[in-house]
Amino acid sequence: MLLLAPMAGYTDSAFRQVIKKVAPSTICVTELISADGIKFGGKRTMEYLTFDESERPLIVQLFGKKPEFFSVAAQTVESLGADGIDINMGCPARKVIHSLHGSALLTKPCLAEEIARTTVESTKLPVSIKMRVGFKDYDEDHFIKLIQSFEKAGIKALTIHGRTTKQGFLGTADWDPIYLAKKHLSIPVIGNGDITSAQIAKTRLKDLDGIMIGRATFGNPWIMAEIEAALKGKKYTRPKSLEEKIPLILEHARLAIETSGRKGLLEMRKHLATYVKGFEHASAFRGRLVRVESLEEIQEIFKEIEVALERSE
Ligand SMILES: Cc1cc2nc3c(=O)[nH]c(=O)nc-3n(C[C@H](O)[C@H](O)[C@H](O)COP(=O)(O)O)c2cc1C
């Protein structure tokens with residue numbers, strides 16, 4: 001099983017559609033979406049719940065701390081036709097954990113279990129959890145008890161990022177607790193953290209049920225096709241030159257603007273900067289791409305990039 005990690009500000013519908021184009025077997029997860037926001041029908045929150053049929057199976061990731069809001073949110077997500085629900089117990093962002101959301105739930109095992117159970121009981125959709133290995137530190141006993149309580153609550157799969165909250169994104173992900181979790185659970189276990197190549201993906205998978213890829217897809221959605229092929233014992237040759245990549249980059253930009261208007265354009269600026277690197281004048285083009293105002297402008301700049309690339313050959 002190959003999954004695209006939920007990443008706020010990046011894995012919107014447009015990027016998920018791009019990933020599905022290059023690696024169709026990928027399971028995509030939305031960015032974290034507030035259960036409270038869904039309960040109160042917040043306009044912006046509801047926009048995060050829109051998706052395209054091509055993204056299926058699509059998992060909606062919820063964050064919050066009130067079991068009753070998760071219940072309402074789960075029913076709403078089900079009625080909107082998503083294929084699964086994931087509960088965020090991994091986000092380390094200060095403003096998220098200060099309100100006891102995200103990975104702060106790891107410090108409240110009873111509440112975390114109640115949220116898991118209530119969500120499971122509120123929907124027919126499969127419910128999973130994405131978590132870190134611990135909050136301040138990794139404590140094996142606490143970790144095993146917690147994940148077993150999730151399984152007992154009816155969770156259908158567990159994704160584990162091999163870092164503590166305290167680590168943020170520093171250091172390297174420790175996969176030992178993930179393999180240990182697999183030994184203690186009968187539900188599928190998905191490993192996450194620092195996979196940057198098809199080779200590493202194959203090595204990491206071992207007896208796990210799946211792997212989830214995050215940051216390595218920035219500027220390189222083709223890595224999902226490489227990993228997808230490698231897991232099937234096949235080889236995928238990704239486009240090597242920027243010229244070859246341009247059609248998909250422009251398709252990404254078109255989708256971003258078509259699905260999310262100005263918000264999509266603003267999000268796309270970050271992606272554009274990650275695609276354009278490794279040639280003379282790349283930084284000058286990046287400087288322009290992070291300020292673009294329309295699809296036409298993006299297309300124009302890429303025409304100039306093509307000319308610049310031809311000249312440098
Ligand atoms: C910009 C960014 C936003 C993220 N947003 C979320 C999120 O909304 N929900 C979540 O569970 N994890 C989120 N994460 C964590 C990733 O899903 C993943 O666990 C982490 O990046 C480690 O995987 P990687 O080494 O493959 O990137 C985010 C990470 C990044 C870099």
Unique match (being out of contact with any Gly (no Cβ under 7 Å at 6 or more places or on another chain), within 13 Å of the ligand (Cβ to nearest atom) and in contact (Cβ under 8 Å) with a residue 60 or more places away in the chain) among Ile97, Ile85 = Ile97
request  = Could you list all residues from the stretch 18-35 that are within 28 Å of Ile187 (Cα to Cα) and either more than 14 Å from the ligand (Cβ to nearest atom) or at pLDDT below 95 (or both)?
outcome  = Lys20, Ala23, Pro24, Ser25
task = State yes or no: is Glu243 among the acidic types (Asp, Glu) and crowded, with 21+ Cβ neighbours inside 10 Å?
result = no
ask   = If you scan the stretch 1-10, which residues turn out to be touching a strand residue (DSSP E or B) at 6+ places or on another chain (Cβ under 6 Å) and within 13 Å of the ligand (Cβ to nearest atom)?
value = Leu3, Leu4, Ala5, Pro6
ask   = Out of the stretch 221-280, which residues are under 15 Å from Val292 (Cβ atoms) and not in a helix (DSSP H, G or I)?
value = Val276
query = Is it the case that the stretch 140-147 has a residue that's touching an Asp or Glu at 6+ places or on another chain (Cβ under 8 Å), in the same structural domain as Leu100 (by TED's automatic domain parsing) and over 21 Å from Asp86 (Cα atoms)?
reply = no
key: Residue that is nearest to the chain's Cα centre (by Cα) [pool: residues in the stretch 57-70 that are more than 16 Å from the ligand (Cβ to nearest atom) and either farther than 17 Å from Leu105 by Cα or among the hydrophobic types (A, V, I, L, M, F, W, C) (or both)]   = Pro57
key: Cβ pairs under 6 Å, 6+ apart, first in the stretch 213-233 and under 17 Å from Asp194 (Cβ atoms) and free of Cβ contacts under 8 Å to residues at least 24 places away in the same chain, second within 13 Å of the ligand (Cβ to nearest atom) and of a type in the set (A, V, I, L, M)   = Ala216/Ile223
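The values are calculated or read from the model by the stated rules, or taken from the named source; none is laboratory data. Small disclaimer: the values here were computed from a predicted structure and weren't measured. Ideal geometry is used to build each Cβ from the backbone, glycine not excepted, and the neighbour counts take in all protein chains shown.
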